[in-house]
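The values are calculated or read from the model by the stated rules, or taken from the named source; none is laboratory data. A quick note: this is a predicted structure, and the numbers were derived from the prediction, not measured. Cβ atoms come from the backbone with ideal geometry, glycine included; neighbour counts cover every protein chain shown.
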Amino acid sequence: MNKLISQMKVLVVDDQPLIVEELCEYLESSGYRCVPCDSRRQAIARFREDAEIALVLCDLHMPEMDGIELVKELQRLAGKRRAFEAIMLTGRADKQDVIKALRAGIADYYQKPINLEELLEGLQRQEAALHERQKDLELGQLNQKLQFLSASIDDLYHDLDKVRSGPQPATDEALGDDVEGAEMPVIFKQLSPRQLDVARLVGKGQTNYQIACELGITENTVKLYVSQVLRLTHMHNRTQLALALSPASASIRQRVSAH
């Protein structure tokens, strides 16, 4: 047998130590690194401390916590940033148990006594599927980073255009007719032209979709701009931002500055 060492570790959980030992011995001879556990507490602790565990073989019926509950707890610990696949082992083929396990996100199940060759093939299939899931996770994270980068580059180009075009009209105009003739809060003067555009439209009560349509950008980019504006202006939410740009606030600032 071609003994290739898998990069993924297998968590093997069963309340019968002899079964755990037999499974680990066979899988390790087939190129897998195993983490043996004979209790749910031990399994949870090992999963939490070892990020290389990505495949789980778990007995369905165990004291304290059954295999389905254990997998759900591991899913909670894993969150959205850590992918793993679970296979259930059961001593009896109860249809309702199988349905419950599959609904919980368990990928496959095998009935005891286990055909080790079939189990190995199933584990290899889940490993291949897991590689694809991990690629999707990595692509999603990369796409998010690219969106942030795109928004930053967009800001840079608008700032360059602003510098090249020379002196600009009063900055208050960038905030629209709602604050025309009123002194704009100093905190907004640090925003880029595109950030001001987004802030102005938020002040008018427009949704992210409406802002995206008006400015010709995506909703995700609008969300990035809104986050940047809130962070730079030290405001907690878009409602607070809209109030700061409302005509009533502008009128108050005018009266205050006149005294």
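Has the stretch 38-56 got at least one residue that is crowded, with 22+ Cβ neighbours inside 10 Å, out of contact with any helix residue (DSSP H, G or I) (no Cβ under 7 Å at 6 or more places or on another chain) and assigned by TED's automatic domain parsing to the domain that holds Gln126? Within the stretch 38-56, not a single residue is crowded, with 22+ Cβ neighbours inside 10 Å, out of contact with any helix residue (DSSP H, G or I) (no Cβ under 7 Å at 6 or more places or on another chain) and assigned by TED's automatic domain parsing to the domain that holds Gln126. Scanning the stretch 12-24 for residues that are surrounded by 23 or more Cβ atoms within 10 Å (Cβ to Cβ) and within 8 Å of Pro36 (Cα to Cα) turns up Val12, Val13.
Close Cβ contacts (under 6 Å, 6 or more residues apart or on different chains) running from residues in the stretch 223-245 that are under 19 Å from Val186 (Cβ atoms) to residues that are among the β-branched types (Val, Ile, Thr) comprise Thr233/Ile187; Leu241/Val202; Ala242/Val202.
For (1) β-branched (Val, Ile, Thr); (2) more than 20 Å from Cys24 (Cα to Cα); (3) modelled with pLDDT under 90, each residue gets a yes or a no:
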position	(1), (2), (3)
His61	no, no, yes
Met65	no, yes, yes
Gln75	no, yes, no
Arg81	no, yes, yes
Phe84	no, no, no
Ala101	no, yes, yes
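From the list Ile5, Ile68, the one residue that fits, being under 18 Å from Ala101 (Cβ atoms) and in contact (Cβ under 8 Å) with a residue 24 or more places away in the chain, is Ile68.
Scoring Gly203 on the criteria (1) under 25 Å from the mean Cα position of the chain (by Cα); (2) modelled with pLDDT of 75 or more leaves a single failure, condition (1). For the stretch 186-203, the set of residues classified as free of Cβ contacts under 8 Å to residues at least 40 places away in the same chain, farther than 20 Å from Ile153 by Cα and surrounded by 13 or more Cβ atoms within 10 Å (Cβ to Cβ) consists of Leu201 only.
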